[in-house]
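The values are calculated or read from the model by the stated rules, or taken from the named source; none is laboratory data. Remember, it's a predicted structure, so these values are computed and weren't measured experimentally. Note that we place each Cβ from the backbone using ideal geometry, even for glycine, and neighbour counts take in every protein chain shown.
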Amino acid sequence: MNRQFIYRVWGIKEKKYVMTASLYEDPELMPLNEYFKREEYIIEEYTGLDDIKGIRVFEGDIVKQKIGRKYEYNVVVWESCGWYLNEFPLTMFDDGMIVAGNIHENSKLLKK
């Protein structure tokens with residue numbers, strides 16, 4: 001399986017996603033950080049995994065997962081060498097993940 005390098009860009013001022021693109025679709029997008037200044041935009045990368053409904057899981061997504069009899073909501077983050085939910089590698093949950101939202105639009109989910 002080839003890794004897809006797909007990114008989405010959150011506009012801080014616009015308070016919405018302003019772009020989602022693959023680096024392979026437009027080779028000129030390679031230096032995303034040159035186009036999008038860190039103080040104005042947040043660039044989030046696709047993890048290469050999809051949830052159980054086929055929705056792509058990106059950095060910054062809030063993932064709903066069943067732990068015992070309860071559901072937990074956690075944010076997908078990049079930690080030094082991989083994607084994580086809390087302290088656990090994201091790949092441990094790839095067969096039961098559901099994307100419930102993202103930290104920009106649905107942060108209230110994390111208070112549950």
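Of the residues Gly101, Gly96, which is on the phi > 0 side of the Ramachandran plot and not polar (S, T, N, Q)? Break it down stepwise before answering.
On the way: Gly96 fails: on the phi > 0 side of the Ramachandran plot.
So the residue among Gly101, Gly96 that is on the phi > 0 side of the Ramachandran plot and not polar (S, T, N, Q) is Gly101.
Out of all the residues in region 82-106, which are small (Gly, Ala, Ser) and either closer than 11 Å to Val63 by Cα or at pLDDT below 80 (or both)?
Residues satisfying the conditions are Gly96, Ala100, Gly101.
Surrounded by 10 or more Cβ atoms within 10 Å (Cβ to Cβ) and modelled with pLDDT of 90 or more: which single residue out of Glu72, Glu45 fits that description?
On the way: Glu72 fails: modelled with pLDDT of 90 or more.
Going through Glu72, Glu45 in turn, just one is surrounded by 10 or more Cβ atoms within 10 Å (Cβ to Cβ) and modelled with pLDDT of 90 or more: Glu45.
Considering only residues that are hydrophobic (A, V, I, L, M, F, W, C), part of a helix (DSSP H, G or I) and under 18 Å from Gly48 (Cα atoms), which ones fall in region 66-112? Let's see the steps before the verdict.
Here is the first cut: in region 66-112, the ones hydrophobic (A, V, I, L, M, F, W, C) are 67, 75-78, 81, 83, 85, 88, 90, 92-93, 97-100, 103, 109-110.
Then drop every residue that is not part of a helix (DSSP H, G or I), which leaves 90, 92-93, 109-110.
Across region 66-112, the qualifying residues are Leu90, Met92, Phe93.
Tell me yes or no: at least one residue of region 21-28 is modelled with pLDDT under 85, under 17 Å from the mean Cα position of the chain (by Cα), closer than 21 Å to Gln4 by Cβ and of a type in the set (Ser, Thr, Tyr).
Quick first cut of region 21-28, residues modelled with pLDDT under 85 only: 21-28.
So of that shortlist, the ones also under 17 Å from the mean Cα position of the chain (by Cα) come out as 21-23.
Add one more test, that the residue is closer than 21 Å to Gln4 by Cβ, and what stays is 21-23.
In the following step, the residues that additionally are of a type in the set (Ser, Thr, Tyr) were identified as 22.
So far as region 21-28 goes, yes, one or more of its residues are modelled with pLDDT under 85, under 17 Å from the mean Cα position of the chain (by Cα), closer than 21 Å to Gln4 by Cβ and of a type in the set (Ser, Thr, Tyr).
Of (1) in contact with a Phe, Trp or Tyr (Cβ under 8 Å, 6 or more places away or on another chain); (2) buried (at least 16 other Cβ atoms within 10 Å of the Cβ); (3) over 15 Å from Glu45 (Cα atoms), Leu110 satisfies all except one. Which?
(2)
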